[in-house]
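Beneath this line is the structure, given in C-alpha cells, with notes to follow.
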Amino acid sequence: LSGNTRNCFLTGSPDSCRNFVSKGLRCLVNVPNTEVYKNTRHSLGRFGFQSSRPLEEKITSLHISSIGQVLLHFSAWNVQIIRSFRTSPSFQAAPVPLFWIIVKPAQKLFAIILGRSIRNWWKALPPNKRELFKERARKNKWKILLGVSSLGVLFVMFYFTHLEETPITGRARLLVFGKEHFRELSQLEYDMWMEEFKSKMLPETDALYQVVERVVGHLSESNKDIPQVAALKWVIHVVDEPGVNAFVLPNGQVFVFTGLLNAVSDIHQLSFILGHEIAHVVLEHAVKKASLVHFLDFLSLIFLTMIWAICPRDSLAVVGQWIQSKLQEFMFDRPYNRTLEAEADKVGLQLAAKACVDVRASSVFWQQMELAEIIQGQPKLPEWLSTHPSHENRAEHLDRLIPEALKIRESCNCPSLSGPDPRLIFRLNMQHLLESSKDQEPPNSAKQDLSKPKLDFPHT
C-alpha cells in the first residue's frame, strides 16, 4: 500500500492482479506472505466477542471474508467488547469554543435568577396592582404579540443566514462557529487524549500500528480529490485498550483502540470503520453539532426563564427544568446525533468504495456486533434512547447503500469482487448456528443459556 502508484485492495485471482499491475496499479493479494501479516495474524486476525465475565466456552469463528484470495484471513473470535460500540468520544470528537464553556452555565444561571426574580416580584405585588398589570397587558396585547413575533423573526433570520452547504452531501447545515477556530481548539482535546493514553500508545514499529497507518494512508490517497481530505495530515495513534472504539479529531488526529482491531474480521471492515470516522471530519460534524446545540440552548433559556417564573415553588421549577432538558435531549439532540451517524455511514462507505474496499463487508460488521450482544445476553434498548442507530438498523441502512457504493467502486476501475457475498456467508453461518443450537439443546431443558453457547462455526 505504499509508493507513488495508485493502490488498491484486490480479492480476485493472481491473474487479475497481473492485469491491474500492467495498468499501473499496485495490488495487495497474497497478504499472508507479507511480513506484516505474519506479525499480526495472531492479534488483528481474530474477531469475536467475550462478555465482561469469562465465558466457559470459546466461540470459533466463520471467515466472513470473500472466498478465494482474501486480503486478510481470520480464524477465531475472542475479544472483549464494550456494550455499545461508539465511533466517537463523548465530546463528539471535538472541543467546543472556550467562550461557550464559560458562558453556557452563566446563561442558565442568569435565566434561573431572572425567572425566580419575576416570580418573587409577582408574589410581592398587592392584589390591586396585579389586576392593574393584567388590565394593561390586555390593552397592549397586540404590542406584546408584535414584540414576541419580532423576536421570533430575528431567530429565524439568524438561522437561515448561518446556513451553509455540507461537503459531498450538499445538505444545508447551521454553522455558528468558525471551522478554523474549531481546528485550532481541537489541539487542546488532542493534548488531553495524549495525556490520558500516553502509557498505552503502541509504537510506530508495532505491526498493528502499521496496519492502521496503511489503511488510513490508502483511504486518504484514494480520496485526495476531496479538499477536506487532502488538506489534513492524518496522524495515527493506536491505543492499547480493549474498548471497541475509534475517533478522529477535526485536525486529523486518528485514535484507534486495539479492541476495534480485534473486533473487525478483515481489512475491509476496518477500512469502512475508519472511512466512517474520516467522514465525520470531512462533513465537519463537530462544528454542526456544537452549532445546533448552542442555538437550541439559547432558545431554551426563554423556556427556562418561564419555568422558574411560573412554577410556585423552587422544587417544582427544578422538576420542570429537568423535564425540559430531557425533552430537548430526546426530541432534538439524540435524533440529530443519529442523523449525523447515518450520514457518516453513507459518506464513509463512499470513501471506502473509492479505495476499492469490499463495501459489502460493512453491514456484516454491524450484524456481528448485533450477534455479540445476543450471545452475551445484553438487553436490547430502544433506538430512541441512544445517540447512535441500533446495530440492526445500521446494517439495514448500509445494505440499502451498498449497490450505489458498488457502482462508485466500479467507476474507479477497481478489480471485480470474487467469491460469494460476505453477507451471504454470514447468513449461512447464522443458520448453522441456529441449527447447532437446536441440536445441542438438552431434551429436558425448556431453553438454552445463550450467554454460554456450546457450538462452533465451520470454516468457510
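Taking each of 108/288; 200/288; 288/346; 108/134; 288/326; 233/289 in turn, the alpha-carbon distance tops 25 angstrom for 200/288; 108/134. Measuring r between the beta carbons of residue 399 and residue 306 and using R0 = 56 Å, the FRET efficiency lands at 0.75. Peptides 257-270, 382-395, 365-378, 426-439 ranked from most to least packed by the mean count of surrounding Cβ atoms within 10 Å: 257-270, 365-378, 382-395, 426-439.
Above 25 angstrom, tally the Cα pairs of the range 228-349 and express them as a % of all pairs, no decimals.
Working: 3219 of 7381 pairs.
Above the 25 Å cut-off, the range 228-349 has 44 percent of its Cα pairs.
Extension gain for the segment residue 164 to residue 336, taken as residue separation times 0.36 nm less the Cα-Cα distance, is 60.2 nm to one decimal. Using a probe of 1.4 angstrom and keeping all protein chains present, the accessible surface of the range 179-413 works out to 39 square angstrom per residue.
With semi-axes defined as the square roots of five times the eigenvalues of the C-alpha gyration tensor, the equivalent ellipsoid of the range 276-427 measures 42, 20, 8 Å, largest first.
Relative contact order, whole percent, for the range 179-413 stands at 19, derived from Cα pairs under 8 Å and 6 or more residues apart. The rule of thumb for compact globular proteins, 2.2 N^0.38 Å, goes into the C-alpha radius of gyration of the range 179-413 1.15 times.
Take the Cβ-Cβ distance between residue 235 and residue 412 as r, set R0 to 25 Å, and report the resulting FRET efficiency rounded to the nearest 0.05. Working shown, then result.
Details: r = 26 Å, r/R0 = 1.04.
For R0 = 25 Å, the calculated efficiency reads 0.45.
Could you pull out which residues in the range 258-301 have an amide N less than 20 Å from a spot 7 Å beyond the Cα of residue 194, following the Cα-Cβ vector? Backbone N within reach: 258.
Could you look at the range 275-316 and say what percent of its accessible area is carbon and sulfur, using a 1.4 Å probe and all protein chains? Provide the component values of the computation, followed by the final result.
Values: 1170 of 1440 Å².
Reported share for carbon and sulfur atoms: 81 percent.
Here the range 282-364 is treated as an ellipsoid with the same Cα gyration tensor; its semi-axes, largest first and in whole Å, are 41, 13, 6. On the basis of the beta-carbon distance and an R0 of 25 Å, residue 435 and residue 381 show a calculated FRET efficiency of 0.30.
Can you order the peptides 189-198, 126-135, 300-309 by their average number of other Cβ atoms within 10 Å per residue, highest first? Walk me through the numbers before you get to the answer.
On the way: 189-198: 13.4, 126-135: 10.1, 300-309: 18.7.
Answer by packing, highest mean first, reads 300-309, 189-198, 126-135.
Karplus-based coupling profile of the range 124-131, in residue order and whole Hz: 7, 6, x, x, 5, 6, 4, 5, with θ = phi - 60° in 6.51 cos²θ - 1.76 cosθ + 1.60 and x standing for Gly or Pro.
The values are calculated or read from the model by the stated rules, or taken from the named source; none is laboratory data. Note that the coordinates shown come from a computational prediction; the quantities given were computed from them, not determined experimentally. Note that we place each Cβ from the backbone using ideal geometry, even for glycine, and neighbour counts take in every protein chain shown. Accessible surface areas use protein heavy atoms only, side chains included; no ligands, DNA or RNA. Shrake-Rupley method; radii C 1.70, N 1.55, O 1.52, S 1.80 Å.
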